[in-house]
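Okay, so here's the structure we're looking at.
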Amino acid sequence: MALANRSYAGQVLFVHLDPFEARVEPLREDVAELLLGGRGIATWLWYHHQPPGADPLGPDNRLIFGSGPLTGTPAPTSGRFALVTKSPVSGGILDSYSGGPFGQALKFAGYDFVVISGIAAQPSILVIRDEAISLEPAGDYWGRSTSHTERGLKATYGAHAEVVSIGPAGEWGSWLSGVVSRERIAARGGSGAVMGSKRLKAVVAAGTGGVQVHDPDGFAEGLRLALRALRMSSPIDRMGKHGTTNILELIDVAGALPTRNFQQGQFEDAEKLYGERWRAEVWSQDVACWGCPIHCSKIAKRDGYMLDGPDYETIYSLGTTCGIGDKWAIVEANHICDEYGLDTISAGNVIGFVMELYQRGYVTAADLDGIVPEWGDAAAMLALLGKIARGEGIGRLMGLGAREMSRHYPGSEAFAMQVKGLEMPAYHPNAAKGTALAYAVSERGACHLHGAPLVELLGGANPLTEDGKPEIFRIHQSEAAVIDSAVLCFFTSYGMTLKELWQLLVPATGWDYPEPRALEHLGQRISTLARLCNNREGLTRADDTLPKRALAEPMADGPAQGHVVRLEPMIDEYYRLMGWDANGEPTADCLHSYQLDGLLNGHVVR
Amino acid sequence: MNAGKQQRLYRILNPNDGRAVCVAADHGWMSDFTPNVAELRRIVGQVVEGGADAILLSLGQAMRLGELLKGRRTPALLVRADWMNAPRLGGSNVANAIPQQELRHLAIATAQDALDLGASAITIYLFLGFDDETEARNLATCAAFAQECRRIGLVCIIEPLAVGASVTGANIVDVLITGARMAVEVGADMLKIPFTGDVESFRRLVEAAEVPVLALGGARSERDTDALELVAEAIEAGGAGTVFGRNVTKAPDPAQMVRDLVAIVHEGRRVEEIKPVEKPGVIQLKGLTDRCTGCLLCEINCALVHGYGGNPLYSTVKIYSPQPDRAYKRKTIYTPRHCTLCNVCVEKCPEGALYIADGMVHLIEEKCNACHICVDECPLGVIAFRDDQPIFCDLCGGDPACVLACPEDAIIMLERGGGNGAG
């Protein structure tokens, strides 16, 4: 049965920017069944088409956008797309996701994925409308904000055209920049710089097609069960009311809320940042991504301003890790990131790092264009953020990340809180050992969305022990890989499980996944494939590590007082569970057990 | 099983069908001071009035409210014999004063204490998916209770919960089945266990369990048919009934909720009979801006049910948002727009191909020349176009897909010309 009747579009679009060429290839069925979609297939496409060792900011780096089988269906949170490329930050594979309707639009246009290579001769906009693919000059859009760009392009191409764009931060090549879609962003790992290096300001997609699932009645039943599970979930209810901020109090109580560049795990002004306070003082309305009944997003409203209500990660990065508890300052900083196309997690983490550099005398105000970055000084934070956003002065170095910056200040690597160059998100590794393992090992760098068992901080396990964490991480990592391949939002997992996802995917695709465990196996296949991609780019076990603050600086106070991360035994155990050798390379047996050996050689061995 | 235990078992389960509608009202000591806790006396009174077979109370509440259970036809008393802090952990935390990080669980009453209060059963938790130490200690507690219950003739209900970090969607059903077996092996007479989400998987659990299995409901859904459908499915799968807490105690009318559950569990009535969807005569839609989150599920479902593959390009309900003209209005509000029978398209059609009847616009296909004028002139932009023809809202034959799909009740259905809203 054709892929188009299994909820795929069935085609991959290849675009080379200069000389401009667009060609279409069918999506392979065996690949779709083994790797599902989204992350899985995009990683395979990258493996096949990306020359090893390519410069991430050069013409050979492939920038891939795409979707999964559930995209374009009414599955909850299906309004989401995937982005895969080589990261300038880590030098390895980057997979990143964003809420927004771009994945749908691309699929309605007839393509599950678009693989973009080359560098345009001038700043350009790629336009995809069904079979009509063209490259238009970006003109005055180059240099403008993401919201201006999106508004203008929708006015030109119609209300049903969907846009992804970079802001000025991506244009100047900041490694902290991402790709924006409406009020969301595929933020991490420098994808904005990749797109900027291609002189690609935006991609527009519009389509007249639709999505046909394999078994509509079965799918309707799976949908009924999934939606009911979400409605009857108390964590989802909290998420809907307070957004991701609903966990801030819990993380602070656990002593895992990074404060002042991870020097502490609790913030003295945390109460000002509880979800209830945001709801009472800042937020006016709930907003949802396409197809989402959870509506975690909020509108911050004041004096005619209607801005994105920041989420938990942003409240840490542009708040607690800089010692700041001023909600409106965080809202403003978040808005700058939205407009300029910056990853709030990395941007804020780097600013916190600079504040510590200043605290410890590594830098003075003269080194920072006159800015005095005292802890808790929101004006200083905003000033530094502006520098990064515009690539001015010290912003040009800060905009390359904490690791790059720490190379200029020997000794500061110990507290550059990053892994593989990607800045840490909002959970202190010393207070959450399973999450620490995830930071060390995740393919794109320090990441909380590739299986980090945050449940350990939310009552599911003792966060302060390393015991049993590799196995817990492994199962959550494979679940995350499946969610990212379906493509659904990670937040569905707070209310529905892989079982409900399986009940949606089987009738949607008709693939032979006999039980939810089959999806777990598929998820591990994808993690293993991603590992191969990184190995091919030269990443080794040495890159699966943590900064010295996590490994050797005991927490000074709080519930995790005295703790460091005993990482190596966890990594040994994790590699063993995954079937990889002691260096973290998948063995031949492992590849065979996932049917990857055949897949990578062009055929499938069953 | 001794005579006392046997009697008490059938004080809980109806001997005619071996099933029970139980209501859990023991949340007070583990959760925050929500209205269902503050008004417990009134709610228990209503649960009694509704005709529940059993009611679960904490020890203290059993002492205080036990008098409400006097009488020949009142619910059996189940007593919570242990304490745990799981509702104050992480994601389930119901926003109370002191969140906690690590699971703690211990016995706080003996089976004899419960018997002294006139209980028919005690209930205890069995936590799965945590570390081995926690599981072992928990199981020891369960075993001790089961043995005490055996000696004094009390029914022992064990409640396996799979909420530890080692549980994922891939293994949750298996973990619950394992937990059910462990409970039975250790001496449980009955199980209280989460509904696994669908009939097929719950049936596997019921078959593995051997003892009567009561399904738990979880958090209260805003959609009142969810709890009822869940119970109907649990019964279909062979379950012996249900233990609902919040779905009853937080309901606007707990007595009615209990009556509805009794109808499903004991009278075999179907949910559609108990909660018929009102079919007003001729209907119209209404969009509510302050509820709309812009999720577009209305548009997606409209385009799906009419065979357009879910592409909102073909939807006749449109979510309108004003185009922000300034960067600082980056976010926007959303208004669902739908046909209001304003007649503009009918008037502007040069071919006279349109007319209004039955609350909707109709197209005379032979007269249509695909000029597109109706689409362009519609002031709300809710006419779609495909295959050389305009597409008008057809109200889905009286059961609008957009109304069904909206998670926020931001599009509702009204009787044409007034009447109350049904969403």
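The values are calculated or read from the model by the stated rules, or taken from the named source; none is laboratory data. For clarity, every value in this text was computed on a predicted model and none was experimentally measured. With ideal geometry, Cβ positions are generated from the backbone for all residues, glycine too; neighbour counts draw on all protein chains shown. These area figures cover heavy atoms from the full protein model, side chains too; ligands, DNA and RNA do not enter into them. Shrake-Rupley method; radii C 1.70, N 1.55, O 1.52, S 1.80 Å.
I need the full set of residues from the stretch A:169-205 which are within 14 Å of chain B (Cβ to nearest Cβ) and open to solvent by 20 Å² or more (accessible area, probe 1.4 Å), in order please. Full working, then the answer.
Taking the stretch A:169-205 as the starting set, the residues that turn out to be within 14 Å of chain B (Cβ to nearest Cβ) are A:180-185, A:205.
Matches in the stretch A:169-205: A:R182, A:E183, A:R184, A:I185.
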Residues of the stretch B:158-173 being more than 23 Å from the chain's Cα centre (by Cα) and not polar (S, T, N, Q), in sequence order, are B:A165
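Hey, among the residues in the stretch A:305-335 that are of a type in the set (F, W, Y) and within 14 Å of another protein chain (Cβ to nearest Cβ), which one's most open to solvent (accessible area, probe 1.4 Å)? First the steps, then the outcome.
First, pick out the residues of the stretch A:305-335 that are of a type in the set (F, W, Y): A:305, A:312, A:316, A:328.
Keeping just the survivors that are within 14 Å of another protein chain (Cβ to nearest Cβ) gives A:305, A:312, A:328.
On the way: A:Y305: 103, A:Y312: 4, A:W328: 53 Å².
Per the stated criteria, the residue is A:Y305.
Small (G, A, S), in contact (Cβ under 8 Å) with a residue 40 or more places away in the chain and more than 7 Å from every other protein chain (Cβ to nearest Cβ), is that true of B:G294? Spell out how you get there, then give the answer.
Details: small (G, A, S): yes; in contact (Cβ under 8 Å) with a residue 40 or more places away in the chain: yes; more than 7 Å from every other protein chain (Cβ to nearest Cβ): no.
It is false that B:G294 is small (G, A, S), in contact (Cβ under 8 Å) with a residue 40 or more places away in the chain and more than 7 Å from every other protein chain (Cβ to nearest Cβ).
Could we say that A:A280 is modelled with pLDDT under 95, of a type outside the set (D, E), out of contact with any His (no Cβ under 9 Å at 6 or more places or on another chain) and part of a helix (DSSP H, G or I) here?
Values: modelled with pLDDT under 95: yes; of a type outside the set (D, E): yes; out of contact with any His (no Cβ under 9 Å at 6 or more places or on another chain): yes; part of a helix (DSSP H, G or I): yes.
For A:A280, the condition - modelled with pLDDT under 95, of a type outside the set (D, E), out of contact with any His (no Cβ under 9 Å at 6 or more places or on another chain) and part of a helix (DSSP H, G or I) - is met.
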A:L546: passes all of (1) within 14 Å of chain B (Cβ to nearest Cβ); (2) over 26 Å from A:S98 (Cβ atoms); (3) of a type outside the set (K, R) but (1)
Those residues of the stretch B:111-145 which are out of contact with any Gly (no Cβ under 8 Å at 6 or more places or on another chain) and assigned to a loop (DSSP other than H, G, I, E, B) amount to B:A119, B:S120
Those residues of the stretch B:355-390 which are touching a residue at least 40 places away in the same chain (Cβ under 8 Å), over 19 Å from A:H160 (Cα atoms) and open to solvent by 50 Å² or more (accessible area, probe 1.4 Å) amount to B:D358
Within the stretch A:30-78, residues outside any loop (DSSP other than H, G, I, E, B), surrounded by fewer than 18 Cβ atoms within 10 Å (Cβ to Cβ) and not acidic (D, E) come out as A:H48, A:H49
From the option list A:L457, A:L422, A:L464, A:L488, single residue qualifying as of a type outside the set (D, E, K, R), touching a residue at least 12 places away in the same chain (Cβ under 8 Å), within 11 Å of another protein chain (Cβ to nearest Cβ) and open to solvent by less than 10 Å² (accessible area, probe 1.4 Å) is A:L457
Residue check, B:Q147 open to solvent by 10 Å² or more (accessible area, probe 1.4 Å), away from chain A (no Cβ under 14 Å) and modelled with pLDDT of 95 or more = yes
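Hey, can you tell me all the residues within the stretch A:139-167 that are on the phi < 0 side of the Ramachandran plot, open to solvent by 30 Å² or more (accessible area, probe 1.4 Å) and not β-branched (V, I, T)? Quick ask: steps written out before the conclusion?
Kept after step one, since they are on the phi < 0 side of the Ramachandran plot, are these residues of the stretch A:139-167: A:140-142, A:144-157, A:159-167.
Checking which are open to solvent by 30 Å² or more (accessible area, probe 1.4 Å) leaves us with A:140-142, A:144, A:148, A:151, A:154-157, A:159-160.
A:D140, A:Y141, A:W142, A:R144, A:H148, A:R151, A:K154, A:A155, A:Y157, A:A159, A:H160, listed by residue number.
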Residues of the stretch A:553-590 being open to solvent by less than 30 Å² (accessible area, probe 1.4 Å) and outside any loop (DSSP other than H, G, I, E, B), in sequence order, are A:L567, A:M570, A:I571, A:Y574, A:Y575, A:M578, A:W580, A:P586, A:C590
Only unsatisfied item for A:E479, checking (1) more than 7 Å from every other protein chain (Cβ to nearest Cβ); (2) part of a helix (DSSP H, G or I); (3) open to solvent by 10 Å² or more (accessible area, probe 1.4 Å), is (1)
If we ask which residues in the stretch B:175-195 are open to solvent by 10 Å² or more (accessible area, probe 1.4 Å) and assigned to a strand (DSSP E or B), their number turns out to be 2
Just one listed residue, out of B:G310, B:G352, B:G287, B:G294, is open to solvent by less than 50 Å² (accessible area, probe 1.4 Å) and over 32 Å from the mean Cα position of the chain (by Cα), and it is B:G352
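Assess whether A:R541 counts as being more than 14 Å from every other protein chain (Cβ to nearest Cβ) and open to solvent by less than 30 Å² (accessible area, probe 1.4 Å).
no
Just give me the residues in the stretch A:271-296 being without any contact (Cβ under 8 Å) to a residue 24 or more places away in the chain and closer than 17 Å to B:I300 by Cβ, in sequence order.
Correct list: A:A288 only.
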Q.
B:I172 - would you say it is at the interface with chain A (Cβ under 9 Å from one of its Cβ atoms) and either at positive phi or open to solvent by 20 Å² or more (accessible area, probe 1.4 Å) (or both)?
A. yes
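Can you name the helices (runs of 4 or more DSSP H) wholly within the stretch A:300-360 that have at least 3 residues being touching a strand residue (DSSP E or B) at 6+ places or on another chain (Cβ under 7 Å)?
Hits in the stretch A:300-360: A:327-340, A:344-359.
Can you give me the ranges of the strands (runs of 3 or more DSSP E) entirely in the stretch B:30-91 with at least 1 residues that are within 26 Å of B:A107 (Cα to Cα) and open to solvent by 30 Å² or more (accessible area, probe 1.4 Å)?
Details: elements: B:54-57, B:76-80, B:82-84.
Counting at least 1 such residues, we get B:82-84.
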When the stretch A:512-538 is checked residue by residue, the ones that are open to solvent by less than 20 Å² (accessible area, probe 1.4 Å) and of a type in the set (G, A, S) are A:G523, A:S527, A:A530
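Before we move on, is A:L504 at pLDDT 95 or above, within 14 Å of chain B (Cβ to nearest Cβ) and open to solvent by less than 30 Å² (accessible area, probe 1.4 Å)? Write out each step before concluding.
Details: at pLDDT 95 or above: yes; within 14 Å of chain B (Cβ to nearest Cβ): yes; open to solvent by less than 30 Å² (accessible area, probe 1.4 Å): yes.
For A:L504, the condition - at pLDDT 95 or above, within 14 Å of chain B (Cβ to nearest Cβ) and open to solvent by less than 30 Å² (accessible area, probe 1.4 Å) - is met.
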Is it the case, given these coordinates, that A:T509 is more than 16 Å from A:D30 (Cα to Cα), assigned by TED's automatic domain parsing to the domain that holds A:E443 and not aliphatic (A, V, I, L, M)? no
inquiry  = Please verify whether A:E136 is on the phi < 0 side of the Ramachandran plot, in contact with a strand residue (DSSP E or B) (Cβ under 6 Å, 6 or more places away or on another chain) and open to solvent by 50 Å² or more (accessible area, probe 1.4 Å), treating the condition exactly as stated.
reply    = yes
Of (1) within 14 Å of chain A (Cβ to nearest Cβ); (2) open to solvent by 10 Å² or more (accessible area, probe 1.4 Å), B:S221 satisfies every one except (2)
| query | Within the stretch A:8-29, can one find any residue that is assigned to a helix (DSSP H, G or I) and more than 14 Å from chain B (Cβ to nearest Cβ)? | reply | yes
